[in-house]
Amino acid sequence: MNPMLEIRKATAADLPALTAIRPPEAIHRGRLRDAAASADYDYYVLVRGTKIVGFGALVFRRPASWANANDERNLPEINDLHVAEMERSKGYGAAAIRLMEQKAAEAGAERLY
């Protein structure tokens, strides 16, 4: 992983930065809610120094609030991995994918979609 990059779980304090990268705020509020409600949903932020440069979710079981909540095909999955436009091509997205692959493997998953 890029030594300048930290990947951690998102918190409510991250909302302004997440919304600045990709509006609207409601998307991020919903993801934070889903992550807090279930151990099967992780919402990560990519942080370079003190700046949030991206985000992504790792979904092991779809939250009940989703229209396709009972569809267990193609899980676990990376959902909406996004890196801020000015921060692309620096390996941040690849680092996030590697972390999520590792988390999925640790949970016993043979595949990650």
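The values are calculated or read from the model by the stated rules, or taken from the named source; none is laboratory data. Remember, it's a predicted structure, so these values are computed and weren't measured experimentally. Here the Cβ is made from the backbone with ideal geometry for all residues, glycine too, and neighbour counts use every protein chain on show.
Anything in segment 7-21 that is surrounded by 15 or more Cβ atoms within 10 Å (Cβ to Cβ) and either in contact (Cβ under 8 Å) with a residue 24 or more places away in the chain or farther than 24 Å from ALA94 by Cα (or both)? List them, or say none.
Within segment 7-21, ILE7, ALA10, ASP14, ALA17, LEU18, ILE21 meet the criteria.
Are any of the residues in segment 6-13 assigned to a helix (DSSP H, G or I) and modelled with pLDDT of 95 or more?
Pass one, segment 6-13, residues assigned to a helix (DSSP H, G or I): 12-13.
Still in the running and modelled with pLDDT of 95 or more: 12-13.
Yes, some residue in segment 6-13 is assigned to a helix (DSSP H, G or I) and modelled with pLDDT of 95 or more.
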